[in-house]
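Beneath this line is the structure, given in structure tokens, with notes to follow.
The values are calculated or read from the model by the stated rules, or taken from the named source; none is laboratory data. No experiment lies behind these values; they were computed from the predicted model shown. Here the Cβ positions follow ideal geometry from the backbone for every residue, glycine too, while neighbour counts run over all protein chains shown.
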Amino acid sequence: MSIELKQAGAALACEAARMAGLGWMRGTSGNLSVTLRQDPLRLAVTASGLDKGELTAADVVVVDATGKAVPDQPNPAQRPSAEAGLHARIASVAGAGAVVHVHMLSAVVAAQRWPGGVVLRDLEMLKGLGRRDDDVMTVPVVPNSQDMGVLGDAFEAGFDAATPVVIVARHGVYVWGRDLVQARHRTECLDWLFQFTLATNGFQEVVA
Ligand SMILES: [Zn+2]
């Protein structure tokens, strides 16, 4: 295994354990990726079917622009999730260095409440997404599909470089950034924003 891939695998395992601890990777769900190179596109993605709280640096698969495992894997027993196809599409379209896909409950509930897009506004925490505190950010929601081409097309149709997140209805959320740490920070801020927006929906604003 190359040093580059070992480092990527170690970073993926570390971040997956943190996110599993936050309750975002229940069962064996969710997957994380880092972009190894853009041309041709190569991603290191967490291996499928494993407990994301217990990954090692070797539990990683290298995939191409379609999300398929490339030949000569360091660990041929490991398989990528079908969802790696959407990671690759996001990395390509957004130029992301890392993509987080978790089944975070707050995002899925918010998309259920607002299937046309989740509006986040006037909150200091928006700065965590590179926005101003008085910005209005609409998080796109796309219908779930088992076909990564269909999901990828829906993502690309609603892509906005200033909104590094898309929710897949009744499924989970994809968040991206320049690296895994930024992608996790953004996911943490989004969880807070979704929870706040759900919890305060219907509040009457009291003007003193
Ligand atoms: Zn998923």
(message) Given the criteria away from the ligand (no atom under 16 Å from the Cβ), within 26 Å of Leu43 (Cβ to Cβ) and in a helix (DSSP H, G or I), does Ala91 qualify?
(response) yes
(message) Give me the residue from segment 62-79 that is modelled with pLDDT under 95 and either of a type in the set (D, E, K, R) or assigned to a strand (DSSP E or B) (or both) and, out of that set, nearest to the ligand (Cβ to nearest atom).
(response) Arg79
(message) Can you confirm whether Ala111 is within 15 Å of the ligand (Cβ to nearest atom) and at pLDDT 95 or above?
(response) yes
(request) Determine which member of the set Leu126, Leu105, Leu86, Leu120 is over 17 Å from Leu180 (Cα atoms) and within 16 Å of the ligand (Cβ to nearest atom). (result) Leu105
(request) Could you check Leu198 against (1) surrounded by 24 or more Cβ atoms within 10 Å (Cβ to Cβ); (2) part of a helix (DSSP H, G or I) and say which number it fails? (result) (1)
(message) Can you name every one of the strands (runs of 3 or more DSSP E) wholly within segment 103-185 that holds 2 or more residues which are over 14 Å from the mean Cα position of the chain (by Cα) and surrounded by 15 or more Cβ atoms within 10 Å (Cβ to Cβ)?
(response) 118-121, 136-139
(request) Working carefully through the options Ala161, Ala98, find the one that is away from the ligand (no atom under 16 Å from the Cβ), under 21 Å from Ala65 (Cα atoms) and either touching a Phe, Trp or Tyr at 6+ places or on another chain (Cβ under 9 Å) or polar (S, T, N, Q) (or both). (result) Ala98
(request) Return only the number of the condition from (1) closer than 22 Å to Met1 by Cβ; (2) within 16 Å of the ligand (Cβ to nearest atom); (3) surrounded by fewer than 24 Cβ atoms within 10 Å (Cβ to Cβ); (4) not aliphatic (A, V, I, L, M) that Asp59 does not satisfy. (result) (2)
(request) Would you check which residues across segment 43-60 are over 17 Å from the mean Cα position of the chain (by Cα) and not acidic (Asp, Glu) and list them? (result) Gly49, Leu50, Leu55, Thr56, Ala57, Ala58
(message) Checking the condition of a type in the set (Val, Ile, Thr) and either in contact (Cβ under 8 Å) with a residue 60 or more places away in the chain or closer than 18 Å to Ala8 by Cβ (or both), which residue from Val118, Val136 passes?
(response) Val118
(message) Out of the residues in segment 169-186 meeting the condition of being over 17 Å from Arg37 (Cα atoms) and charged (D, E, K, R), tell me which one is nearest to the ligand (Cβ to nearest atom).
(response) Arg170
(request) Kindly indicate which of Val45, Val93 is in contact (Cβ under 8 Å) with a residue 40 or more places away in the chain, buried (at least 24 other Cβ atoms within 10 Å of the Cβ) and among the hydrophobic types (A, V, I, L, M, F, W, C). (result) Val45
(message) Yes or no: segment 34-48 includes at least one residue that is away from the ligand (no atom under 16 Å from the Cβ), more than 16 Å from Thr163 (Cβ to Cβ), among the β-branched types (Val, Ile, Thr) and not in a loop (DSSP other than H, G, I, E, B).
(response) yes
